[in-house]
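The block underneath contains the structure these notes are about, expressed in C-alpha cells.
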Amino acid sequence: AMPAFFFLSGYTFERSANAPFLELLRKKFCSLVIPYFGFSAILFAFWFLVRRNFGLSYETHATVTDVLMQILCGTNSTFFVTPLWFLTCLFVVEILFWCLLRIRKKFLRVTIIALLFIPGLIYWTYMDMLQLPHVFWNFDQASFFLSCLAIGFVASKRNLVEKLLCSLKRNLFVVLVSVIAFALVFAVREKTTSPLLFVSMQAMMTFSSLLAFVAICKSIRERAVLNFIGQNTITILALHIMVQSILRGVLFKVFHVAPEWIETSLIVSVVLTLVTIAALVPVILLINRFTPWLAGKRLSALK
C-alpha cells in the first residue's frame with residue numbers, strides 16, 4: 001500500500017516541483033509536518049491513557065520518554081505503532097526529489113534515483129525480517145520510496161496513465177496480468193535461497209501490485225464517498241488504528257470474541273474497516289470545520 005501512496009504523491013507533485021525551495025518547505029511543513037506532530041499528540045494521549053494500561057503495549061515496558069523520542073524521530077516501533085511515519089518519510093522524499101529535479105542532466109537524475117533504489121530496496125525487504133533499526137525521519141526507507149514517487153511524477157508529466165489505461169477492458173487485463181505476475185513471483189520468492197533473487201522478486205512484486213492498483217483506480221468511476229475518503233486520507237491514516245483498537249477491545253471484552261479470530265478473520269477485518277471509516281466521519285467534519293491545519297488543509301480550500 002505504501003508504494004501506492006508515494007506514487008500518488010509523485011503524480012500530484014508537478015506544482016511543487018516548480019515552486020521555490022522556501023515556498024515548497026513552507027507548504028510541506030504545513031501539509032505534512034504539522035499534521036504529523038498534531039496527530040502524534042492525540043495518539044500519544046491515547047497511548048498514555050489507554051494502550052499502555054489496557055493494550056498489549058505494556059509488555060514492552062516502554063516509558064513516556066521512549067515514546068516521545070520515537071515521535072521526535074518520526075519512526076514506527078512495536079511499542080508505539082503509528083502509521084504517521086509515512087508523513088515524515090514523504091516530507092524527506094519530496095524535498096529530496098525537488099533537489100534532484102534541479103539537476104539539469106536527466107541521465108544523472110535517473111542514475112542517482114536508480115543507485116539509491118538498490119540499497120533502499122534491500123533495506124525495505126529485510127527491515128522487518130531482521131528487525132533493522134529505523135533512522136531519523138525514515139531516511140532509511142526514503143531511498144526506496146523515492147523511486148515510487150519519481151515513477152508517479154513521470155507518469156503524470158507524460159500522461160502515461162491516460163495513454164496506457166484508456167479503456168475498462170485494457171484496465172481489467174492489466175489488473176489480471178499484474179495479479180498473476182504477483183502470484184507467480186511470490187511463489188518463486190518463497191522457494192528461493194538466493195538473497196539477490198529474493199530482493200529482485202520483492203521489487204517485481206512491488207511494481208506489479210502498484211500497476212494493479214493504478215489500473216483499478218482508473219477503472220473506478222468517481223463517487224462522492226471515494227472523493228471524501230481521498231480528501232481526508234491523512235485524518236483516516238492517523239486515527240484509524242486508535243479507533244480499531246477501541247473496536248477490538250469492545251469485541252474482546254464485551255462480546256468475548258477471541259483475539260486470534262479478530263486478527264485473522266477477513267470478514268471481521270472488512271467490517272472493522274467500514275465501521276472505522278463511519279466512526280471517523282464526524283471527527284473528520286469537526287477537524288475540517290474547526291482545525292483544518294491539523295489535517296494539513298487551509299480553511300479556504302474547504303469552502
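Coordinate-derived values only; no laboratory data. Keep in mind that what you see is a predicted model, and the values were worked out from it rather than measured. For neighbour counting, all protein chains shown are included, and Cβ atoms are generated from backbone atoms with ideal geometry for every residue, glycine included.
For the stretch 154-201, the fraction of alpha-carbon pairs lying more than 18 Å apart is 52 percent, rounded to a whole number.
Bridgeable lysines around K297 (alpha carbons under 24 Å apart, same-chain partners fewer than 8 residues away excluded): K27, K28. At 0.692 mPa s and 37 °C, plugging the Kirkwood radius over alpha-carbon pairs of the stretch 52-205 into Stokes-Einstein gives what diffusion coefficient in µm²/s? Calculated translational D: 179 µm²/s.
Calculate, in whole percent, how much of the Cα-Cα pair population of the chain lies beyond 23 Å. Everything past 23 Å amounts to 64 percent. Report the residue, chosen from K218, K169, K28, that carries the largest GNM mean-square fluctuation when the chain is represented by alpha-carbon nodes joined by springs under 10 Å. The residue that fluctuates most here is K169. Scaled to the globular estimate 2.2 N^0.38 Å, the Cα spread of the stretch 184-300, given as radius of gyration, is 1.43. log10 I(q)/I(0), Debye, Cα-only the stretch 1-122, no solvent, q = 0.10, 0.20 Å⁻¹? For the requested q values the scattering log ratios are -0.42, -1.13. Centre-to-centre separation between the Cα atoms of the stretch 159-194 and those of the stretch 1-77: 31 Å. Computed over the alpha-carbon pairs of the stretch 118-252, the distance histogram in 5 Å steps reads 2, 8, 12, 14, 18, 18, 16, 10, 3, 0, 0 percent, short to long. Between V225 and L197, residue separation times 0.36 nm minus the direct Cα-Cα distance comes to 5.9 nm.
The residues packed around K157, meaning those with a beta-carbon under 15 Å from its beta-carbon, carry a net charge of +3 if Lys and Arg are +1 and Asp and Glu are -1. Residues in the stretch 204-218 carry Karplus couplings, in order, of 5, 5, 4, 7, 5, 5, 5, 5, 5, 4, 5, 5, 5, 4, 5 Hz; the curve used is 6.51 cos²θ - 1.76 cosθ + 1.60 with θ = phi - 60°, and Gly or Pro positions show x.
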